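The values are calculated or read from the model by the stated rules, or taken from the named source; none is laboratory data. Here the structure is a predicted model, which is why all the values come from computation and not from measurement. Cβ coordinates were reconstructed from backbone atoms using ideal geometry, including for glycine residues, and neighbour counts include every protein chain displayed. Heads up: the accessible areas ignore ligands, DNA and RNA and are worked out on the full protein's heavy atoms, side chains in. Shrake-Rupley method; radii C 1.70, N 1.55, O 1.52, S 1.80 Å.
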Amino acid sequence: MQQGQPMIILGDDSQRVQDKDAQQYNISAARAVADSVRSTLGPKGMDKMLVTSTGDVTITNDGVTILQEMDIDNPTAEMIVEVAETQEDEAGDGTTTAVAIAGELLKNAEDLLDQEIHPTAIIKGFHLASERAREEVDNIAEPVDPDDEELIQKVAETSMTGKGAELEKEVLADLVVRAVQQITVEADDGSHVVDLQNLNIETQTGRSASESELLAGGVIDKDPVSDEMPTAVDDASTLLLNEAIEIEEADVDTQVSIESPDQLQEFLDQEEEQLKAKVDQIVDSGADVVFCQKGIDDMAQHYLAKEGVLAIRRAKKSDISFLKNVLGGSVVTDIDSLTADHLGEGSISRDEEGELFYVEGNGDEVHGTTLLLRGSTDHVVDELERGISDAIDVVSTTISDGRVLAGGGAPEVEIASRLRDYADSVEGREQLAVEAFADSLELVPRVLAENAGLDSIDLLVDLRSEHESGDTHTGLNALTGEIGDTFEAGVVEPAHAKEQAISSAAEAANLVMKIDDIISAGDLSTDKEDDDGPGGAGGMGGMGGMGGMGGAM
Ligand code: ADP
Ligand code: MG
């Protein structure tokens, strides 16, 4: 086959874009996504309001949430969303940073491509720079003692600033730190292991965030199935049930033919008997409280109430498995095989408002802590929960990893400066890519300044000169607008999240740049209903799904 001849015969509807056009197309798509989250970065970042096609509203500052809710259906743009998701999974925080750096890397790569530097050289240079940057993060990181509550509290507060959790950040950060401490165990080798399985976050609307609390055990947001039941039971034997207390559905093909009123009565009696028998089995096992994941028939509710048993139905699966940690025992899937051995032990009580059950375990072997978050409305509580779960991840990472950084752009400026030194030792055109990588990291302090309404160029000049003179901790304190030692100012972030953000940004940028050929089975615009929106890139027609995004953000 001759060079340049297409290997595949493409259909009429298909499109193909190659080489520089392909890179340009992909870079624009990826950058459009990255640009859309920049304005949320840092303590002074703004929020976004996302409205789904069915009118559901989410108000958030959380990078990964924004990107997930944005309904992006451009394949390249989705790669950037994946960066945020990886970052969320690996570090729990730093999603906006990762995505913003990826966008800036691509922007700077585009300039290099324009200077006829081959993508392979850029990719190699970015890779070298990313490896080096990781090492430098480790070099500038400060060790943190897992018992240093004051410092860890600062880490939690830093991750909350600019989020819904900010207003009450001292109270909430304290709750987060205590919650994580309760689920941390020290391993034999002295390392600290945080078992997030033992922490449950529950939300309740109606009261202020400052009334959030940390509870031993679990919380169930349900009513008892009958008003006749007790609402508090001390030292209860508890049953976790994953089977309905209902009549088993007759097989589809069995027909019951009823010819007389007597027969009907007999049939109903039989059903009642069956239900009574199930309830008897539960009572005989010794259970005082039943948390049922499925339904409970009215008649069974009545029998259970008569026996003085507290029963809750349609509990969430996640709640049932958490209660297993709290109460002990096992989750029973067949009432016929139920014995006392399956039961757990604990005490159940009701909150003041009569909305929630508090469930506390009695045994030694049981664990589980609940962070009950309160807030005035659903939107407030939802955003609070996102901020708090980031903070929990950040605190857990910090405790298990044991390294922190001064925040406010200090690490980015320091690493950029070290990368520029390193670039001198890199041969060929890769050197330019390493320098471009350094420039890209400085996007973080620039955007932190921009979002705080400060002059980003002046700021960067000042920060660079401080770092040149050896002050590795100098960054922007966005709350005061001053530059200084951010570590001292209590702006502290986990080193692991920064390492992860830098390397996933680099990987994503390289992935996008490696593509030199886009072969699409259909129109490259994947959003069929939409006309080409203003998001359309580089004369490539619509960018599917991203149309109009620029305006909406
Ligand atoms: P991400 O999704 O990347 O975590 P955030 O919106 O949480 O994005 O912003 C994190 C950035 O904000 C970090 O670089 C952190 O150092 C910085 N930051 C947090 N608090 C402050 C502060 N008081 N002053 C300056 N920068 C801050
Ligand atoms: Mg954050």
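VAL33: over 13 Å from LYS163 (Cβ atoms), away from ligand 1 (no atom under 12 Å from the Cβ) and open to solvent by less than 10 Å² (accessible area, probe 1.4 Å), yes or no?
Working: over 13 Å from LYS163 (Cβ atoms): yes; away from ligand 1 (no atom under 12 Å from the Cβ): yes; open to solvent by less than 10 Å² (accessible area, probe 1.4 Å): yes.
Here the answer is yes, as VAL33 does meet what is asked.
Pairs needed: first member in segment 1-24, within 21 Å of PRO119 (Cβ to Cβ) and among the basic types (Lys, Arg); second member anywhere, at pLDDT 60 or above and surrounded by 10 or more Cβ atoms within 10 Å (Cβ to Cβ); C-beta distance under 8 Å; at least 6 residues apart or different chains.
Filtered contacts from segment 1-24: ARG16/LEU10; ARG16/ASP517; ARG16/ILE518; ARG16/ILE519; ARG16/SER520; LYS20/LEU113.
Here is a list of conditions, (1) within 16 Å of ligand 2 (Cβ to nearest atom); (2) over 30 Å from ASP145 (Cβ atoms), and LEU448 meets all of them except one; can you say which number that is?
Answer for LEU448: the failing condition is (2).
Can you pull out the residues in segment 278-294 that are of a type outside the set (Asp, Glu) and either under 14 Å from VAL309 (Cβ atoms) or surrounded by fewer than 12 Cβ atoms within 10 Å (Cβ to Cβ) (or both)?
Going residue by residue through segment 278-294, those that are of a type outside the set (Asp, Glu) are 278-279, 281-283, 285-287, 289-294.
Residues satisfying the conditions are LYS278, VAL279, GLN281, ILE282, VAL283, SER285, GLY286, ALA287, VAL289, VAL290, PHE291, CYS292.
One residue is enough: does segment 477-499 have a residue meeting the conditions of a type in the set (Ser, Thr, Tyr), modelled with pLDDT of 95 or more and open to solvent by less than 10 Å² (accessible area, probe 1.4 Å)?
Filtering segment 477-499 down to residues of a type in the set (Ser, Thr, Tyr) leaves 480, 486.
From what is left, the residues that are modelled with pLDDT of 95 or more are 486.
So of that shortlist, the ones also open to solvent by less than 10 Å² (accessible area, probe 1.4 Å) come out as 486.
The answer is yes; a qualifying residue exists.
Kindly list the number of the only condition in (1) within 22 Å of GLU131 (Cβ to Cβ); (2) away from ligand 1 (no atom under 14 Å from the Cβ) that fails for LEU443.
All conditions are met except number (2).
Regarding VAL394, is this residue within 16 Å of ligand 1 (Cβ to nearest atom), in contact with a Gly (Cβ under 7 Å, 6 or more places away or on another chain) and β-branched (Val, Ile, Thr)? Break it down into steps so the answer makes sense when it comes.
Numbers: within 16 Å of ligand 1 (Cβ to nearest atom): yes; in contact with a Gly (Cβ under 7 Å, 6 or more places away or on another chain): yes; β-branched (Val, Ile, Thr): yes.
Considered against the rule, which asks whether it is within 16 Å of ligand 1 (Cβ to nearest atom), in contact with a Gly (Cβ under 7 Å, 6 or more places away or on another chain) and β-branched (Val, Ile, Thr), VAL394 comes out as yes.
Yes or no, residue by residue, for (1) farther than 30 Å from SER210 by Cβ; (2) in contact with a helix residue (DSSP H, G or I) (Cβ under 7 Å, 6 or more places away or on another chain):
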site	(1), (2)
PHE357	no, no
THR370	no, no
GLY375	no, yes
GLU383	no, yes
ILE388	no, yes
SER425	yes, no
LEU432	yes, yes
GLU442	yes, yes
ALA452	no, no
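Being of a type outside the set (Val, Ile, Thr), farther than 20 Å from GLY162 by Cβ and at pLDDT 95 or above narrows it down to one of SER440, SER525, SER520, so name that one.
Details: SER525 fails: at pLDDT 95 or above; SER520 fails: at pLDDT 95 or above.
Only one candidate passes the filter, namely SER440.
Just to verify a result, which residue in segment 409-445, among those that are open to solvent by 60 Å² or more (accessible area, probe 1.4 Å) and in contact with a Gly (Cβ under 8 Å, 6 or more places away or on another chain), is farthest from SER39 (Cα to Cα)?
Once the filter is applied, the top-ranked residue is ARG429.
Filter segment 365-408 down to the residues that are farther than 20 Å from THR58 by Cα, surrounded by fewer than 23 Cβ atoms within 10 Å (Cβ to Cβ) and among the hydrophobic types (A, V, I, L, M, F, W, C) and list them by number.
Answer for segment 365-408, where residues must be farther than 20 Å from THR58 by Cα, surrounded by fewer than 23 Cβ atoms within 10 Å (Cβ to Cβ) and among the hydrophobic types (A, V, I, L, M, F, W, C): VAL366, LEU372.
In segment 464-513, which residues are touching a Pro at 6+ places or on another chain (Cβ under 6 Å) and more than 25 Å from ALA391 (Cβ to Cβ)?
MET513
For segment 177-211, what are the residues that are touching a Pro at 6+ places or on another chain (Cβ under 9 Å), part of a helix (DSSP H, G or I) and not polar (S, T, N, Q)?
Listed by number, the list is empty, since nothing qualifies.
Cβ-Cβ under 7 Å, sequence separation 6+ or interchain: first residue in segment 216-227 and among the hydrophobic types (A, V, I, L, M, F, W, C), partner in a loop (DSSP other than H, G, I, E, B) and open to solvent by 30 Å² or more (accessible area, probe 1.4 Å). Which pairs?
Once the first residue is among the hydrophobic types (A, V, I, L, M, F, W, C) and sits in segment 216-227, its partners that are in a loop (DSSP other than H, G, I, E, B) and open to solvent by 30 Å² or more (accessible area, probe 1.4 Å) give VAL225/ARG313.
Hey, any hits in segment 481-501 for a residue that's farther than 23 Å from ASN139 by Cβ and not basic (Lys, Arg)?
Going through segment 481-501, the residues farther than 23 Å from ASN139 by Cβ turn out to be 481-482.
Subsequent filtering for residues that are not basic (Lys, Arg) retains 481-482.
Among the residues of segment 481-501, at least one is farther than 23 Å from ASN139 by Cβ and not basic (Lys, Arg), which makes the answer yes.
Return the residue satisfying two criteria in turn: it lies in segment 402-422 and is in contact with a helix residue (DSSP H, G or I) (Cβ under 6 Å, 6 or more places away or on another chain), in contact (Cβ under 8 Å) with a residue 60 or more places away in the chain and more than 16 Å from ligand 2 (Cβ to nearest atom), and of such residues it is nearest to GLU170 (Cα to Cα).
Filtering segment 402-422 for residues that are in contact with a helix residue (DSSP H, G or I) (Cβ under 6 Å, 6 or more places away or on another chain), in contact (Cβ under 8 Å) with a residue 60 or more places away in the chain and more than 16 Å from ligand 2 (Cβ to nearest atom), the one nearest to GLU170 (Cα to Cα) comes out as ARG403.
Being surrounded by fewer than 21 Cβ atoms within 10 Å (Cβ to Cβ) and touching a residue at least 12 places away in the same chain (Cβ under 8 Å) is the filter here; which residues of segment 456-466 pass it? Outline the logic, then answer.
To start, the set of residues in segment 456-466 that are surrounded by fewer than 21 Cβ atoms within 10 Å (Cβ to Cβ) comprises 456-458, 460-462, 464-466.
Scanning segment 456-466 gives LEU460, ASP462, ARG464, GLU466.
Does GLU135 fit the bill of being part of a helix (DSSP H, G or I), within 16 Å of ligand 2 (Cβ to nearest atom) and open to solvent by 40 Å² or more (accessible area, probe 1.4 Å)?
Numbers: part of a helix (DSSP H, G or I): yes; within 16 Å of ligand 2 (Cβ to nearest atom): no; open to solvent by 40 Å² or more (accessible area, probe 1.4 Å): yes.
Answer is no for this residue.
Quick check on my filter: what residues within segment 89-132 are within 16 Å of ligand 2 (Cβ to nearest atom) and either surrounded by fewer than 18 Cβ atoms within 10 Å (Cβ to Cβ) or not assigned by TED's automatic domain parsing to the domain that holds ASN510 (or both)?
ASP89, the sole residue that qualifies.
Kindly indicate the residue of segment 89-132 that is within 15 Å of ligand 1 (Cβ to nearest atom) and part of a loop (DSSP other than H, G, I, E, B) and also farthest from ALA416 (Cα to Cα) among those meeting that condition.
The extreme case among them is GLY92.
Restricting the first residue to segment 327-355 and requiring it to be closer than 14 Å to ALA232 by Cβ and open to solvent by less than 30 Å² (accessible area, probe 1.4 Å), which pairs with a second residue that is assigned to a loop (DSSP other than H, G, I, E, B) and of a type in the set (S, T, N, Q) meet a Cβ separation below 6 Å and a spacing of at least six or different chains?
GLY346/ASN362
Can you name the residue in segment 57-88 that is of a type in the set (D, E, K, R) and within 16 Å of ligand 1 (Cβ to nearest atom) and is also least open to solvent (accessible area, probe 1.4 Å) among such residues?
Going residue by residue through segment 57-88, those that are of a type in the set (D, E, K, R) are 62, 69, 71, 73, 78, 82, 85, 88.
Add one more test, that the residue is within 16 Å of ligand 1 (Cβ to nearest atom), and what stays is 62, 69, 82, 85, 88.
Working: ASP62: 9, GLU69: 80, GLU82: 101, GLU85: 63, GLU88: 50 Å².
Going through the qualifying residues, I end up with ASP62.
Which residues, taken from segment 44-66, are within 16 Å of ligand 2 (Cβ to nearest atom), within 25 Å of THR86 (Cβ to Cβ) and not hydroxyl-bearing (Ser, Thr, Tyr)? First the steps, then the outcome.
From segment 44-66, those within 16 Å of ligand 2 (Cβ to nearest atom) are 44-48, 60-66; that's our starting set.
Then keep just the ones that are within 25 Å of THR86 (Cβ to Cβ); that gives 45-48, 60-66.
Of everything in segment 44-66, those that are within 16 Å of ligand 2 (Cβ to nearest atom), within 25 Å of THR86 (Cβ to Cβ) and not hydroxyl-bearing (Ser, Thr, Tyr) turn out to be GLY45, MET46, ASP47, LYS48, ASN61, ASP62, GLY63, VAL64, ILE66.
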